[in-house]
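Coordinate-derived values only; no laboratory data. As the structure is a prediction and not an experimental result, all values here were calculated from the model. Every residue, glycine among them, receives a Cβ derived from its backbone with ideal geometry; neighbour counts consider all protein chains shown.
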Amino acid sequence: MEKNFEPKIIGIFCNWCTYAAADLAGVSRMQYSPNIRIIRVMCSGRIHPEFILYAFKNGADGVLIGGCHPGDCHYIEGNYKNLRRYLLLKKLLKQFGIEEERLRLEWISASEADKFVKVVNEFTETIRKLGPIPLKKEA
Amino acid sequence: MGKKIEIDPITRLEGHGKIEIFLDDKGDVEKAYFVVPELRGFEIFSLGKPAELMPQITPRICGVCPTAHHMASAKACDDLFKVEVPSAAKKLREMFYNMFMVEDHTLHFYILGGPDFIVGPDAPKAERNVLGVINKVGLEIGKKVIGIRREIRELMTFLGGKVIHPVWAVPGGVSKGIKKDEQKRFIEVAQKAVDFSLFTLKAFKDIVLSNPQYVELIKSDTYTHKTYYMGLVDDKNRVNFYDGWIRVVDPDGKEFAKFKANEYQKYLAEHVEPWTYIKFLYLKDVGWKGFVDGKDSGIYAVAPLARLNAADGMATPKAQEAYEEFFATLGKPCHHTLAMHWARVIEIIYAAERFLELAKDDEITSDKIRNVPKETPKEGFGVVEAPRGTLYHHYQTDEKGLITKANLLVATQNNSARIAMSVEKAAKGLIKGGKVSEGILNMIEMAFRAYDPCHACGTHSIPGRIPIKIIIYNKKGEILEEIKNF
Amino acid sequence: MEKPKIALYWCASCGGCEEAVVDLAEDILTVVEKVDIVFWPVALDFKREDVEKLKDGEILATFINGAVRLSEQEDMVKLLRRKSKLVIAFGACAHMGGVPGLANSQTKQKIFDYYYHTGPIVYNPEKKIPDPEFTKKQGFELPEFYEDVRALDQVIDVDYYIPGCAPPPNVVKNAVLTLLSGNLPPKGKVLASDKALCEECDLNKTKPAEGIKIKEIKRYYEPEKVDPEKCLLLQGLPCLGPVTRGGCNALCIKGNMPCTGCFGPVDGVKDYGAAALSFIASIIDSNDENEIKNIIEKGIPDPIGLFYMYSLPKSLLFRKIIKEE
C-alpha cells in the first residue's frame with residue numbers, strides 16, 4: 001500500500017435527504033474527512049449503475065450513495081429502485097474483483113447530520129485501509 | 001542450421017496456421033513443424049458460469065460447427081443434472097444434428113476438399129476452387145449445392161432459433177417443438193437431401209474413382225498412416241453421430257477399447273509441444289512415442305475415415321451399400337488419408353437418410369419436449385461426433401450449477417498429432433535435394449486439407465487455393481530462392 | 001470503371017462471421033459483382049505483402065471480425081487500417097469483444113496453467129509450454145498471446161459496426177449495400193436498427209401497460225414449458241430485449257429462448273452491462289432488501305455471464321481486477 005494514500009471518495013446524494021444532511025453538518029461546523037467529493041441528484045433513484053462504474057474507472061477508490069429512508073422518498077419509490085440496482089451491482093462488482101466495502105448505501109435523512117459525519121468518516125477510513133484500486137487501463 | 005522453408009499462412013484451416021520446414025545439409029527434410037497459433041481459453045472463462053449457459057457459450061468455439069458444441073454441451077448438462085430427456089426431444093435433437101451434418105459435409109465436399117479431386121491436384125491453380133468445380137459439374141449443380149444448404153439452414157433457424165450458434169437445447173430437452181402441419185416441410189427437405197447425397201456419391205465416382213491417377217494418389221504411401229481410429233457407434237456397432245459408445249480400433253482393425261463418455265479420462269491423455277498452442281491427444285495405455293505410426297504409438301485419428309474404420313456398418317440402407325463398396329475397394333481398415341473425402345460422402349448419405357427417418361417419425365410433433373431437472377448437479381459428460389471428429393464436453397459444478405471445472409476435447413485435437421505427421425511425411429516425401437515447386441506446395445496442403453480441421457471455415461473458401469510462399473535461405477540467412485503460388 | 005476494393009480479415013474469431021457472409025447464399029453474387037476482393041486469407045491467395053504493396057487508403061472498406069488477442073492480429077489490423085478508407089467491425093467480437101472477451105475475467109497465467117499443466121488428462125512432466133523463445137531459437141516466430149482481450153476499436157480507429165453473433169443475413173446485406181451506395185451514415189454508426197429489440201418482437205404486445213414486475217427470475221432450465229405467445233420476461237426468463245439493439249427479428253425469442261444481447265446496446269449507452277443490470281433490477285417486484293437479495297441469488301448467480309456475455313472488454317471497467325499477490 002502506498003504511504004500517505006489519500007482515498008478519493010465520490011458521494012452521490014439525494015437532494016431532499018442526504019444532501020440536506022451534509023449542508024446541516026456544514027452549517028453546524030461539524031468536521032468530517034475532506035476526501036469526499038459530493039454530487040447532488042434529485043433522488044437516489046436517478047443513480048444509474050453506469051455512474052458508479054464511471055466513478056471507479058476515473059479514479060474513485062470508494063463510492064458512497066445517500067438516499068431517503070425507506071418510505072420517506074420525496075418521489076415515493078425512487079429509493080427502492082436504487083436499492084434494487086445497488087444490490088445487483090454489489091454482486092457484479094464482486095465479480096470484477098472490487099471489494100464489497102468500496103460501494104456503500106446509507107439512508108440518511110435531512111436532520112441526521114451526525115449520522116452523515118459518522119458514515120463519511122467511517123467510510124473514508126475503510127477505504128484508506130483497503131488502499132487504491134489497481135484498475136487497468138485499456139490501452 | 002540448414003535451410004528453412006516457411007508456408008505462411010495456411011488458409012482453409014485455422015486462419016493463423018503455418019508450416020515450418022527445415023532441411024538438412026543434403027537438402028532433404030529434417031523436420032517439419034505444423035504450427036497452430038490459436039488459443040482463447042474457453043474452459044477457464046467458463047468458470048463460475050451457470051451450466052445451462054454452456055450450450056450457448058461453447059458454440060462460439062467454432063462458428064462452422066456450432067451445433068456440435070451445442071449438442072455435446074446439452075448432453076453434458078443432461079448428465080450433470082441427471083435429468084431424463086423425453087424421447088421426442090431426443091429424436092428432435094438427433095434429427096437437427098443430422099441436418100447439420102448434411103449441410104456441413106456437403107459444403108466441405110464441394111468447396112473445400114472437392115476441388116483437389118474434382119478438378120485435380122495438378123490442375124491450374126485458377127481452376128482449383130469451387131468455380132472450377134462448377135465448371136466440371138455444371139452451374140445447375142452449383143445452384144443445387146447452395147440451394148439445398150440454404151433450405152436446410154433455414155429449417156434449422158426455424159427450429160433452433162439461430163443456425164449460427166443455436167439457442168435451442170436446454171438441460172432436459174429442447175425449448176421448441178414441431179407442430180403437426182410443420183412436419184411435412186421437414187420430410188420434403190430431407191428427401192431432397194437424400195437425393196442430393198446420392199448424386200454427390202455418383203459425382204465422386206464418376207470424377208474421382210474412375211480416374212486411375214487419382215486412385216493411385218489416394219493409395220500412395222505419402223498419404224498413408226497406420227494409426228488407431230476412434231468413432232461413436234450404436235449398440236450394433238454402426239456409425240451414429242449423436243450418441244452411443246466410443247469405440248477405438250487398432251491399426252489392424254481389431255477393437256482396442258469401447259467406453260462411454262464418462263470414462264474418457266481412463267483412456268485418453270494430452271501431450272504438449274513448445275512450438276504450437278494446440279495440444280495432442282493420444283491413447284493413454286499405448287503411450288506417447290513421438291510423432292510415429294503403428295500399434296505401439298498412441299496416436300489415433302477421428303472424423304469420417306476413422307468413424308467408418310471403427311464401426312462395423314452403417315445404420316441406413318444406402319449408406320450401408322456405399323460403406324461396403326468403400327471397403328471392398330480399399331480394404332478395411334483403410335489407412336489412406338485422402339480416402340477421407342470418399343468417407344465423408346458416405347456420411348452425407350447416412351446423415352440424410354437418418355434425417356428422413358426421423359422427420360417421418362410422428363413422435364417429433366409431440367409437445368413433451370423437456371423435463372425440468374430436480375437433482376443437485378455435480379458432474380456431467382457429453383460426447384457427439386462433430387463433422388471433424390469426436391467431441392467431448394466434461395463439466396463439474398457446485399450445488400448451484402455453476403461451473404467449477406470444464407474440460408473440452410475438441411475434435412481436431414484428436415487428429416492434431418496425425419495431421420502433424422501427415423504434413424511432415426508429405427514434406428519429407430516430396431522435397432528432396434532442396435528442390436521445391438508449386439506442385440509440391442499443393443501436395444503438402446492436401447495432406448492436412450483431407451482432415452478438414454475443426455476451425456476451418458471451409459464454407460467460405462471460394463477459390464480453393466492456399467496462398468503459399470516458400471523462401472529458401474542459405475546458412476548465412478541470405479535468400480536463395482523465393483517461390484509463390486499467387 | 002474500376003470496381004471498389006474490399007478486404008476481409010479475422011482475428012480471434014470462431015469463423016461464424018465468415019459463415020454469415022456465406023449465408024448470403026445467392027445474394028452474395030450481387031455483392032461480388034460490384035466489388036474486387038483484394039484480401040481474404042481464408043479464401044483467397046493474397047498475402048500480407050500484397051496488402052503492404054497497396055497505397056494507403058486504396059482499399060475502400062475492410063471488414064474485420066474477431067477480438068484482438070494475439071500480436072499477429074494486432075499487426076495485421078493496424079496494417080489494414082492504414083491501407084483502408086473505411087474499417088468496419090464485423091460481428092460481436094470485433095464490436096465489443098464477444099464471447100472470447102469473457103477471458104478478461106481471468107488471467108493468461110490461469111489459462112496456460114490449466115491448458116498445459118493441470119488439465120484432467122494433460123501429461124506434461126517436462127513442463128513444456130508454447131514458447132515464442134523456443135521457436136525463435138528454432139528459427140521461426142510463434143505470435144505472443146496477450147494478457148487481455150480487446151475489441152477492435154480499442155486497437156484501431158473504426159468507422160462502422162455490423163453487430164450480431166453472428167450478424168444475420170439481412171443485417172449484413174443491408175449494411176453492405178448501404179456502404180456501397182455512397183450515402184455514408186455518420187461515422188461510428190452501428191448498422192442495424194436504432195430501436196430496442198422489443199419493437200420487432202411479436203411478444204411485445206403481450207406486455208402489460210403498467211409495466212413488468214416479476215417475483216422470480218428463472219434459470220433457463222426451470223420452465224416446464226415456454227408459452228410462445230407471451231413475453232418471456234413475464235414467464236420469468238431474463239430476456240435482455242429491452243436494452244438490446246434490434247435488427248435480428250428476435251430470432252432467439254422465436255426459438256423460445258431469451259435474448260442474450262449479442263447486438264449490443266442502443267445508441268448513447270456507454271456500458272451495455274450496466275444498462276442490462278439496471279433493467280433487470282427494475283423488473284424485480286419487491287421493496288424488501290432480503291427478498292430482493294434472495295431473488296437475485298437464485299436467479300442471477302453469475303451477473304457477468306448474463307450482462308456482459310458479449311461486451312466485457314467494452315465495459316467501463318474493461319476487465320476483472322487482479323490483485324498482485
As a test, work out the antiparallel percent of DSSP beta bridges whose residues both lie in the protein assembly as shown, rounded to the nearest 5. 60 percent
Give the percent of DSSP beta bridges with both residues in chain B that are antiparallel, rounded to the nearest 5. 95 percent
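Taking 0.36 nm per residue of sequence separation and subtracting the Cα-Cα distance, how much length would be gained by fully extending the chain between C:Lys137 and C:Lys108, in nm to one decimal? Could the numbers behind the result be given before it?
Numbers: separation 29, 0.36 × 29 = 10.44 nm, distance 2.33 nm.
So the chain would gain 8.1 nm between C:Lys137 and C:Lys108.
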Calculate the spin-label point distance for A:Gln95 paired with B:Gln265, positioning each point 7 Å from the Cα along the beta-carbon direction, and give it in nanometres. 2.7 nm
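Please say if chain A is rounded, prolate or oblate, where rounded means a/c under 1.5 for a ≥ b ≥ c the square roots of the C-alpha gyration tensor eigenvalues, and otherwise the choice is prolate for a/b larger than b/c and oblate otherwise? It would help to have the intermediate numbers written out before the result.
On the way: a/c = 2.17, a/b = 1.24, b/c = 1.75.
The shape class here is oblate.
Based on the alpha-carbon gyration tensor of region B:223-290 and its eigenvalue square roots a ≥ b ≥ c, which shape applies: rounded if a/c is under 1.5, prolate if not and a/b is larger than b/c, or oblate?
Working: a/c = 1.98, a/b = 1.55, b/c = 1.28.
Verdict is prolate for region B:223-290.
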Residues whose placed amide H lies under 5 Å from that of B:Ile5, excluding near-sequence neighbours: B:Ile21, B:Phe22, B:Leu23
Counting other beta carbons within 10 Å of each residue's own, what order do B:Leu155, B:Leu209 fall into, fewest first? B:Leu209, B:Leu155
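Go ahead and estimate [θ] at 222 nm for chain A from helices alone: -39,500 (n - 2.57) per DSSP H run with n ≥ 4, summed, over the residue count, rounded to 500. It would help to have the intermediate numbers written out before the result.
Details: 4 runs with 55 residues, N = 139.
That comes out to -12500 deg cm²/dmol.
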Around C:Cys262 (Cβ within 14 Å, Cβ-to-Cβ, excluding C:Cys262; K/R +1, D/E -1) the net charge comes to +4
Along the Cα→Cβ direction, 7 angstrom out, place labels at B:Glu399 and A:Thr126. What is the inter-label distance in nm? 2.9 nm
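D for the protein assembly as shown, whole µm²/s, Stokes-Einstein with Kirkwood Rh over alpha-carbon pairs at 4 °C and 1.567 mPa s: what number?
Stokes-Einstein gives a translational diffusion coefficient of 44 µm²/s.
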For region C:274-281, Karplus-derived ³J(HN,Hα) couplings (6.51, -1.76, 1.60; θ = phi - 60°; whole Hz; x for glycine and proline) come out as 5, 5, 5, 4, 4, 5, 4, 4
What net charge do the residues around C:Pro228 carry, taking every other residue with its C-beta under 10 Å from that of C:Pro228, with Lys and Arg at +1 and Asp and Glu at -1? +1
Fewest to most Cβ atoms within 10 Å: C:Ile6, A:Ile98, C:Ile28 sort as C:Ile28, A:Ile98, C:Ile6
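Suppose R0 equals 22 Å. What FRET efficiency, 1/(1 + (r/R0)^6) with r the Cβ-Cβ distance, do B:Leu209 and B:Asp312 give to the nearest 0.05?
Details: r = 23 Å, r/R0 = 1.06.
The calculated FRET efficiency here is 0.40.
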Say a paramagnetic label sat at a point 7 Å from the Cα of C:Glu297, along Cα to Cβ; which residues of region B:371-401 have their backbone N under 16 Å from it? B:399-401
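Using a 10 Å cut-off around each Cβ of peptide C:212-222, what is the average number of partner chain Cβ atoms that fall inside? Can you show the working numbers first?
Values: counts 0, 0, 0, 0, 0, 0, 0, 9, 11, 18, 6.
That average works out to 4.
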With 10 angstrom as the radius, rank C:Glu33, B:Glu182 by how many other C-beta atoms surround their C-beta, starting from the fewest. C:Glu33, B:Glu182
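Once you have a ≥ b ≥ c as the square roots of the Cα gyration tensor eigenvalues for region B:38-82, tell me rounded if a/c is under 1.5, and otherwise prolate or oblate according to whether a/b is larger than b/c.
Working: a/c = 2.52, a/b = 1.25, b/c = 2.01.
Oblate.
Need one number: convex hull volume per residue for region C:104-188, Cα atoms only, in Å³.
Numbers: hull volume 15.8 nm³, N = 85.
Output value, Cα hull per residue: 186 Å³.
Excluding A:Ser109 itself, calculate the net charge of residues whose Cβ lies under 10 Å from the Cβ of A:Ser109, where each Lys or Arg counts +1 and each Asp or Glu counts -1. Write out the running numbers ahead of the final one.
On the way: positive: A:Lys115; negative: A:Asp72, A:Glu112.
Local charge sum for A:Ser109: -1.
Please report, in cubic angstrom per residue, the volume enclosed by the convex hull of the alpha-carbon atoms of chain B. Walk me through the intermediate numbers first.
Values: hull volume 62.6 nm³, N = 486.
For chain B, the hull spanned by Cα atoms encloses 129 Å³ per residue.
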Taking only Cα atoms, what is the 0 to 90° angle, nearest 10, from helix B:317-330's long axis to the longest principal axis of chain B? 20 degrees
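Would you calculate a helix-derived [θ] at 222 nm for chain B, using -39,500 (n - 2.57) for each DSSP H run of n ≥ 4 and dividing by the full residue count, to the nearest 500?
-12000 deg cm²/dmol
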Compute the distance in nm between two label points, each set 7 Å from the Cα along the Cα-to-Cβ direction, one at A:Phe5 and one at C:His117. 2.8 nm
